[in-house]
1. Within the stretch 60-75, does at least one residue satisfy the condition of being surrounded by 13 or more Cβ atoms within 10 Å (Cβ to Cβ), part of a helix (DSSP H, G or I) and more than 14 Å from the chain's Cα centre (by Cα)?
2. Which residues, taken from the stretch 1-44, are of a type in the set (A, V, I, L, M) and under 13 Å from residue 70 (Cα atoms)?
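Nothing in this text is a laboratory measurement; each read-out follows from the coordinates by a stated rule. Predicted, not measured: the structure shown is a model, and the values here were computed from it. All Cβ positions, glycine included, derive from the backbone under ideal geometry; neighbour counts span all protein chains shown.
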Amino acid sequence: MLTGKTESGFEFEIEEKTLDDYEFIEAVGKCEQGDPIAYVKVVDAALGSKKEKAFEKIREKCGYVSAKEITKLIVEIFQTPKTKNS
């Protein structure tokens, strides 16, 4: 299990097998090609049981669950040293 805390204060947990899951990697690739449906899969896999907590944090900040803010959070998670070096 990879755990960490983003600069914005969000504590995350990602199962190590997620980063080795072909379907996850494929979804990330589709996201880079602009597929919004694949992005939902990436968010679900990356945030897992913490997804609702992330949504609440963004809802408090924006008044709704902003796709741009979720994107920032996912990018921030994968740029933290514990996930970056995996």
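1. no
2. Hits for the stretch 1-44 are 40, 42, 43.
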